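Only one structure is covered here, and it is reproduced in the block below.
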Amino acid sequence: MRHLAEGKKVVLGLVSSKVPELEAIDDVIERIKEASQYVPLENLYLSTQCGFASTEEGNALTEAQQWAKIVLVQTIAQRVWKDSLI
C-alpha cells in the first residue's frame, strides 16, 4: 500500500466470507491500524474479503452467519471510524 497514489481509497477485505467463525474485533482493528500507517484512515474502508456467494455453489455459511459477519463489519467500522480509536 505504500506505493498507492495519494488520495486513493482502499477497501480492506479483513472479514472472511468463507468460514463461519467470527474474526476477533481487536485483531481486525490492529490490521486497520497497520494499514493506516500507509494510507490515511479516512481513505480506508472495511469489508468482507469477498461476496457470500463467490462460487457457483456458494460458501458454507448459513444466512444467520452471513448476517453476523455483516454486523461484525458494522461494529468494527463504528468503533474505528466513528470513535476514531486509531
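The values are calculated or read from the model by the stated rules, or taken from the named source; none is laboratory data. Just so you know, these numbers come straight off a predicted model, no measurement behind them. In this analysis, Cβ positions are derived from the backbone assuming ideal geometry, glycine residues included, and neighbour counts consider all displayed protein chains.
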Flag if residue 48 is among the β-branched types (Val, Ile, Thr) and exposed (fewer than 14 other Cβ atoms within 10 Å of the Cβ): no
The correct count of residues that are surrounded by fewer than 16 Cβ atoms within 10 Å (Cβ to Cβ) and either in contact with a Lys or Arg (Cβ under 9 Å, 6 or more places away or on another chain) or closer than 16 Å to residue 68 by Cβ (or both) in segment 1-22 is 5
Residue pairs within 8 Å by beta carbon, gap of at least six or interchain, first lying in segment 47-72 and farther than 9 Å from residue 18 by Cα and basic (Lys, Arg), second surrounded by 14 or more Cβ atoms within 10 Å (Cβ to Cβ) and modelled with pLDDT of 80 or more, listed first then second, are 69/15; 69/16; 69/17; 69/22; 69/48; 69/52; 69/61
Subset of segment 23-45, residues surrounded by 13 or more Cβ atoms within 10 Å (Cβ to Cβ), among the hydrophobic types (A, V, I, L, M, F, W, C) and out of contact with any strand residue (DSSP E or B) (no Cβ under 8 Å at 6 or more places or on another chain), comes to 25, 29, 41
Across segment 35-46, the tally of residues that are of a type in the set (A, V, I, L, M, F, W, C) and touching a residue at least 40 places away in the same chain (Cβ under 8 Å) stands at 1
In segment 1-34, anything assigned to a loop (DSSP other than H, G, I, E, B) and either without any contact (Cβ under 8 Å) to a residue 12 or more places away in the chain or polar (S, T, N, Q) (or both) is listed as 3, 5, 6, 16, 17, 21, 24
